[in-house]
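**Q** Structure in structure tokens, see below.
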Amino acid sequence: MASKFMRIKKLVIPTLTLIILVSQLSGCAVMSSNEMVDMINQGRSITIELPKPAYDIVIKGQQQEDIEWVQLDQLKTFNQGFRQGVDEVFNINIVTENGINGKSGCLYVDEAGDRNGNTTLEDALRNKVFVTKYWQDADVKTKLVKLAKEVYTDVDGNDTYAILGAINAYYNLMPNAENPSSFNPTQSLTREDFYTLAFKTEEGVRDINVDKRFADAVGGETKFTKFAQEVDEYGFLSVSNRSLDANSYKGSISRAEAVYMMVNKHFPEELAKVTGKEQAFKDTKNAGDLALKVGFKYKDKETKEILGKDRWQAYTLAYMIQNPDKGLQDELYKAMVVAKQAGLISGDESRWDEPISKAEAIQLVINTHLAKNNLYGYLSKVEYGKNDLSKFTVESEDPYKVIGVDEEGMKYGKDWVQVPKEQFKLDPNTKLENGLTLAQAKQVIEKVRADAKAKGASDKEIKEWLEYVAKDMGTTLETLEALPDTPVNKSNTESSTKTSSGSTKPSSGKTSGSSSSSGKTSGGSSSGSSSSGSNWREDYEKLPDWQKEFYGDPDEEMDFSVPDSVKDPFEGANN
């Protein structure tokens, strides 16, 4: 795999960085409130270290650094029995439409009641059949426990961990550990981890552009930045006033913050009703506007408006952890009231200042969506959704999407970097999946280009169409244009032959998987697959007139073989 070229800007913390270390053993505060106010006034960052949790943290195996984001019914992880076993437990069926294999059942019903292969954990939890027929069935839970033990070595002896591990494995939510394969349920999550989890449990696979402002604020882009940025607005620590920065982003997230995000995102109406006088948990009390009292906020002399200083949430959280007896900032306390009322956290103690573990985080997500059913009703009520043909697609991130440009003007993306043409060596004999060689594909492109020009298409239309045709053949326009215009010696290469599989008719635009372009890697090969089973008539009607004329009526028999004018470019070349 080609190395990915990326420049990551690091956030430079001015002068000293204040580090608040709070220990349950010593229980002593490191810095006074006045000293903290001086620090926030100087614009300094603060790193928050949470107390040790009430349980032992046990980490096994080597932590994976990445996790594939793939549409649920196309996932292949744990595919040696576990995934099939879960499908059997929930009576999931394999269905095929438009030439695309998908799945159908209570895990694959969207809000509209349709079968959808790109569903999430939220979709299942908001489905009445999933909850009442399966999730509440003790036998189902027992089967999930057994299946989880087949893929994780560290869930034996704790059924709750096993069930949550099964959910994590099936939905591919968070990275696992290997050697041995471990769920690591007690592992503490960072803010990046939890923000990512909150997003992925609710949103299907789609293309997301990284927000440069967010990425710069948290210390540079990571593999999970694009997920975390989508829920940043709901967090207690946010980049909006610099509370979420390079220090806090990678720090452990507290249980209070995790609860706040879920309540703020999913129960805004309930949160607005809370006065702050209600009882929450035994270990929580409302401190009112603690930030104003300490000096992290101030009242504007002219407008009399209460304003927060940069990083006021981060400093307030640090102060709360140093001084737990002072109570919680009003916003956090109100979120804990909703959590208590809705049953998001069980028991009388919230342990609000402890880090949230991997297992606790998944449980919080599950409790949140089950609570929404009680308050607002189910989103879907059928076990097998209606077959909407438009939803028989495979969503994946565009493998050719440009992430940035380096100092030499070369584009780069995920797992590829543009190579200067003068350094780029392509083998024109490389065969695409449709049977054409790159050289033959270039001849097709030139034929299409000439015909499009003859039809009077604009330069912009021609370029867009050529890119589409190239992608449909399993390569890119950039790759084909990088090929030499004259045949090359074909010694020591496989002789190319004409093929009639070079179809370039329009497809639905949905790709059936990721592909790698030789124009964007140093490997010199190209592979990919075009979409299959598109609605030809529907696609045809969307085409510009010149393209309709080029293809002819779709109801007429058409020949998509390589045109006779496309000669073997190596014919006559010296051996």
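**Q** For Thr142 and Glu408, calculate 0.36 nm times their separation in residues minus their Cα-Cα distance, and state this gained length in nm to one decimal.
**A** Gain on stretching Thr142 to Glu408: 90.0 nm.
**Q** Can you figure out the FRET efficiency of Lys277 with Tyr298, using R₀ = 25 Å and their beta-carbon distance, to the nearest 0.05?
**A** 0.45
**Q** Next question, about the same structure. Given R₀ = 22 Å, FRET efficiency for Glu97-Lys133 by Cβ-Cβ distance, to 0.05?
**A** Efficiency computed from Cβ-Cβ geometry: 0.30.
**Q** To continue, here is another question. For region 431-484, just say rounded, prolate or oblate: build the C-alpha gyration tensor, square-root its eigenvalues into a ≥ b ≥ c, call rounded for a/c under 1.5, and beyond that prolate if a/b exceeds b/c, oblate if not.
**A** Prolate shape, in that a/c is at least 1.5 and a/b is the bigger ratio.
**Q** How big is the gap, in Å, between the Cα center of region 34-70 and the Cα center of region 80-155?
**A** 34 Å
**Q** Solvent-accessible area per residue for region 431-484 at a 1.4 Å probe radius, Å²?
**A** On a per-residue basis, 42 Å².
**Q** Considering only protein heavy atoms and a 1.4 Å probe, what is the carbon-and-sulfur percentage of the accessible area of region 228-376?
**A** Its accessible area is 43 percent carbon and sulfur atoms.
**Q** Set the Förster radius R0 to 35 Å, insert the Cβ-Cβ distance between Asn323 and Asn241 as r into 1/(1 + (r/R0)^6), and round the FRET efficiency to 0.05.
**A** Taking R0 as 35 Å, the efficiency between Asn323 and Asn241 is 0.95.
**Q** Next up: Using a 1.4 angstrom probe on heavy atoms only, work out the carbon and sulfur share of the accessible area of region 175-218 in %.
**A** Of all accessible area on region 175-218, carbon and sulfur atoms account for 45 percent.
**Q** For Asn373 and Lys460, compute 0.36 nm times the residue count separating them, minus their Cα-Cα distance, and round to one decimal in nm.
**A** 26.4 nm
**Q** Give, as a single signed number, the net charge of other residues whose beta carbon lies under 10 Å from the beta carbon of Gly61, with Lys and Arg counted +1 and Asp and Glu -1.
**A** Charge balance near Gly61 sits at -1.
The values are calculated or read from the model by the stated rules, or taken from the named source; none is laboratory data. Just so we're clear, the structure is a prediction, and the values are computed from it rather than from any experiment. All Cβ positions, glycine included, derive from the backbone under ideal geometry; neighbour counts span all protein chains shown. Accessible surface areas use protein heavy atoms only, side chains included; no ligands, DNA or RNA. Shrake-Rupley method; radii C 1.70, N 1.55, O 1.52, S 1.80 Å.
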